[in-house]
Amino acid sequence: MERVVSRLLRRPTEWDSWRKGWAGERRVGAELNRLGCHGWRVLHSIPLANKVDIDHLLIGPGGVFSINTKHHDKRAVWVGDDSVKVDHGKPAPYARKSRAEAKRVGRVLERYCDFPVPVEPVLVFVGVTELKVVATQLDVRVYQERQVAALAPLSGVLTAEQAEQVYSVARHRQAWNQA
């Protein structure tokens, strides 16, 4: 009933937000799946504790990327070192959260791999009309959905055997239980 009333009053609901986010994740997931022919492996929606998940994990010759998807249809997005503003609104901690997520992923993977596993954070924006990146530290990669193909040629971080070991670990839900 609440959803019906919200819809009649044209108020967004939690369901609308979830559905929009899921649609964005599917679009980015389709782009990432195309990187398979370049030696990359992709995992989608890795569940963690407290009803949180990693949207996408990209593993391959260029390393490991923890990808956080944000769907802001027909909006202008500004990205700084520690915050993101959508349509000049209140700062959102997307960059900081992406860095924390990447560290979390790295700790899990290194627990089961016998080598260091650097994990880079990535923010991918879906449906935006403008994306302006003014970050000076550039420790979080920022793309629009179709730009994730820029990751394809990266190499020299993991050997094929290491990438396969990381992928094998990342596929097991038990590895993420304590994350």
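The values are calculated or read from the model by the stated rules, or taken from the named source; none is laboratory data. None of these values were measured; they are calculated from a predicted model. So basically every Cβ, Gly included, is an ideal-geometry build from the backbone, and we count neighbours across all protein chains shown. Note: areas computed on protein heavy atoms with side chains; ligands, DNA, RNA excluded. Shrake-Rupley method; radii C 1.70, N 1.55, O 1.52, S 1.80 Å.
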- request: Could you tell me whether the stretch 53-72 includes any residue that is more than 12 Å from the chain's Cα centre (by Cα) and either in a helix (DSSP H, G or I) or within 13 Å of L123 (Cα to Cα) (or both)?
  value: yes
- request: Quickly run through the stretch 169-179 and pick out the residues that are assigned to a helix (DSSP H, G or I), open to solvent by less than 50 Å² (accessible area, probe 1.4 Å) and not aromatic (F, W, Y).
  value: V169, A170, A175
statement: Residues of the stretch 73-92 being in contact with an Asp or Glu (Cβ under 9 Å, 6 or more places away or on another chain) and among the acidic types (D, E), in sequence order, are D81
task: With respect to V28, determine if the residue is β-branched (V, I, T), at pLDDT below 90 and surrounded by 14 or more Cβ atoms within 10 Å (Cβ to Cβ).
output: yes
statement: Log entry, pairs with first residue in the stretch 28-40 being over 27 Å from H72 (Cβ atoms), second being among the small types (G, A, S) and not in a helix (DSSP H, G or I), beta carbons closer than 8 Å, six or more apart or on different chains, reads H38/G60; H38/A152; G39/G60
- request: For the stretch 114-134, enumerate the residues that are in contact with a helix residue (DSSP H, G or I) (Cβ under 8 Å, 6 or more places away or on another chain), crowded, with 16+ Cβ neighbours inside 10 Å and farther than 15 Å from F65 by Cα.
  value: F125, V126, G127
message: Residues that are open to solvent by 50 Å² or more (accessible area, probe 1.4 Å), on the phi < 0 side of the Ramachandran plot and without any contact (Cβ under 8 Å) to a residue 40 or more places away in the chain: does the stretch 65-83 have at least one?
response: yes
message: Can you tell me which condition L35 does not meet? The list is (1) under 14 Å from the mean Cα position of the chain (by Cα); (2) modelled with pLDDT of 90 or more, and all the others hold.
response: (1)
statement: Scanning the stretch 127-179 residue by residue, those closer than 30 Å to W78 by Cβ and aromatic (F, W, Y) turn out to be Y143
